[in-house]
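Notes follow once the structure below has been shown.
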Amino acid sequence: MQKKYNFMIIDDNHIDIFIAEKMIEATVESCEIFSFKTAKEALTFINEKEVSQTKTIMFVDINMPLVDGFKFMEDFEKLPEEKLKMHLPCFLTSSINEGDISYAKNFKTIKQYINKPLSQKLIQNLISTLE
Amino acid sequence: MELNKIKVLYIDDEMPNLLGFKASFRLHFTIFIANNSDEAIKILNENNDIHIILCDQRMPGKSGVELLELIRTSFPLPIRMLITGFSDIESVIDAINRGNVYRYIKKPWQQEDIITAIAEGHKFYLANSLLKIKNDELTKAYAELDKFAYSVTHDLRGPITSIAGAVMLIENDRDIESIQKMHVMIKHTVEKLDQFITSVHDYYKIQRGELQIEAIDFRELLDDIKSIYSIAEKVDHINFKTSLIVKDENFRSDYTCLKIVLNNLLSNAFKYQKNDNIEKIVDLSIVVNKEEVKIVVSDNGIGIRPEYIDQIFNLFYRATSESLGSGFGLYNVKDVLKKIDGVITVKSEFNEGTTFEINIHSKK
């Protein structure tokens, strides 16, 4: 697979970040991965970074302290259009709660709601639906 | 309850009837009278503990049934009874269906009938009130259960999906170093899961358990605690200082509750350390006085930002992503302290450390 996407992981749990990084590396050749332990750092990064030519697939955890995934998405969706279209956010969560699943549908930019653990198959599926 | 504590409101448009009623029953019950609906509502607003409302059916303007129906919407608790001179079956059916009345009393009334009706109505009132209290408690318990179920799925499922992910990685990994790294991660996650289950157990014990009040041997408690933290002390190179001053041997409380409090505060103090600190310190001091014990737990760890400090005792609140807490610990501490007559205060300087001070009264 040629370099079509970069990745971003937002998760307060460093083990889950590690797992996601490894899974992405095993599935997608030569891509950049940006990982953040807080939603705030991720948002600052997106704000400050210049719009790149490569689209970024984002894995956003929901249950995080202070700023959770939903609050993050609220702020994210207020970003200018040229930034939004280069980012492809997905929720990546251990939550199987119906409330979370239906609330997640409020965000129009969300591409997929993925249950942890992330696997190579899930990444391949996601990429094929994006194409 | 004695009968004369039962509060009865009698509504009738004819003043002689009201006065006659009051004269007949003022020794039996506490009687309020009103000769129109405005006055009746005024009395109900001023006395929120009226037990029984008796209302005459035949009144100008609103009928008794209509008035009782109106009262019911704003004052659902008092037991409503209708008094009427007409043995008109329609108005009785109407009264029961619309005004939801408990009894229907025929005029002219017999004193004994009224007394029996009121006494029985009052029993019904008490049963209803109890039911309402139980209902409110249940509603609260359900809300808590929902919150609880949500967190449990997250806090139990979270670590399990982490482990599942790591296992999946190991399957395809041939690099021994990377496998070892994941092995350590799995180990930490399992420990976290185990801690969470202990917290759930504590939570349940606090919510449902009975206290076992006994004279507390603080030396035994301190030894107990020290043995739990001796490993963390060595592995994480933390200087764990303890001091115990016992001025009175007869301090009485619940041993398990005290242990839950100490355990939670200490595990936080050990957990939220600064990795780059040259000397990591956790300090526990206990002073036992005659009526009160004072416990201070302090550390020189990451501290708490002032904007989050008001929320740290809330259920499932986490003020940091630095370490993997569940947001259970301090909630449990506060809950336990409520049970054993204790108060907790916290002082913290962000990036400098945190000090919790607890004062617990001796139980009889």
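The values are calculated or read from the model by the stated rules, or taken from the named source; none is laboratory data. Here the structure is a predicted model, which is why all the values come from computation and not from measurement. Glycine gets a Cβ as well: all are built from the backbone with ideal geometry, and neighbour counts include every protein chain shown. We work out accessible area using only protein heavy atoms, side chains counted, and drop any ligands, DNA or RNA first. Shrake-Rupley method; radii C 1.70, N 1.55, O 1.52, S 1.80 Å.
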Selection from the stretch B:152-184 of residues that are more than 9 Å from every other protein chain (Cβ to nearest Cβ), over 14 Å from residue A:117 (Cα atoms) and hydrophobic (A, V, I, L, M, F, W, C): B:152, B:176, B:179, B:184
Sole residue being within 12 Å of chain B (Cβ to nearest Cβ), of a type outside the set (Val, Ile, Thr) and farther than 24 Å from residue B:160 by Cα, chosen from A:40, A:71, A:78: A:40
Residue selected from the stretch B:240-261 under the condition of a type in the set (A, V, I, L, M) and without any contact (Cβ under 8 Å) to a residue 60 or more places away in the chain, by the criterion most open to solvent (accessible area, probe 1.4 Å): B:245
Sole residue being open to solvent by 40 Å² or more (accessible area, probe 1.4 Å) and not assigned by TED's automatic domain parsing to the domain that holds residue B:10, chosen from B:169, B:193, B:131: B:131
Residue A:88 away from chain B (no Cβ under 14 Å) and within 11 Å of the chain's Cα centre (by Cα): yes
Counted residues, the stretch A:25-42 - those being part of a helix (DSSP H, G or I) and either within 16 Å of residue A:6 (Cα to Cα) or small (Gly, Ala, Ser) (or both): 5
Residue among B:309, B:304 that is open to solvent by 30 Å² or more (accessible area, probe 1.4 Å), in contact (Cβ under 8 Å) with a residue 24 or more places away in the chain and not aromatic (Phe, Trp, Tyr): B:309
Which numbered condition residue B:108 misses (of (1) loosely packed, with under 15 Cβ neighbours inside 10 Å; (2) part of a helix (DSSP H, G or I); (3) of a type outside the set (S, T, N, Q)): (2)
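Here's the yes/no breakdown for (1) within 20 Å of residue B:91 (Cβ to Cβ); (2) touching a Ser or Thr at 6+ places or on another chain (Cβ under 7 Å); (3) open to solvent by 30 Å² or more (accessible area, probe 1.4 Å):
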| residue | (1), (2), (3) |
| --- | --- |
| B:28 | no, no, yes |
| B:43 | no, no, no |
| B:48 | no, no, yes |
| B:54 | yes, no, no |
Flag if residue A:22 is out of contact with any Gly (no Cβ under 6 Å at 6 or more places or on another chain) and surrounded by fewer than 18 Cβ atoms within 10 Å (Cβ to Cβ): no
Some residue of the stretch A:26-42 being open to solvent by 70 Å² or more (accessible area, probe 1.4 Å) and within 11 Å of the chain's Cα centre (by Cα): no
Candidate set from the stretch A:101-112 (those that are within 14 Å of another protein chain (Cβ to nearest Cβ) and either touching a strand residue (DSSP E or B) at 6+ places or on another chain (Cβ under 7 Å) or among the aromatic types (Phe, Trp, Tyr) (or both)); member that is nearest to residue B:150 (Cα to Cα): A:101
Test: residue B:187 is surrounded by fewer than 13 Cβ atoms within 10 Å (Cβ to Cβ), away from chain A (no Cβ under 14 Å) and either under 30 Å from residue B:80 (Cβ atoms) or at pLDDT 85 or above (or both): no
Only one of B:197, B:133 that is more than 13 Å from every other protein chain (Cβ to nearest Cβ) and closer than 30 Å to residue B:48 by Cβ: B:133
Residue match in the stretch B:234-241 (condition: of a type outside the set (D, E, K, R) and more than 19 Å from residue B:298 (Cβ to Cβ)): yes
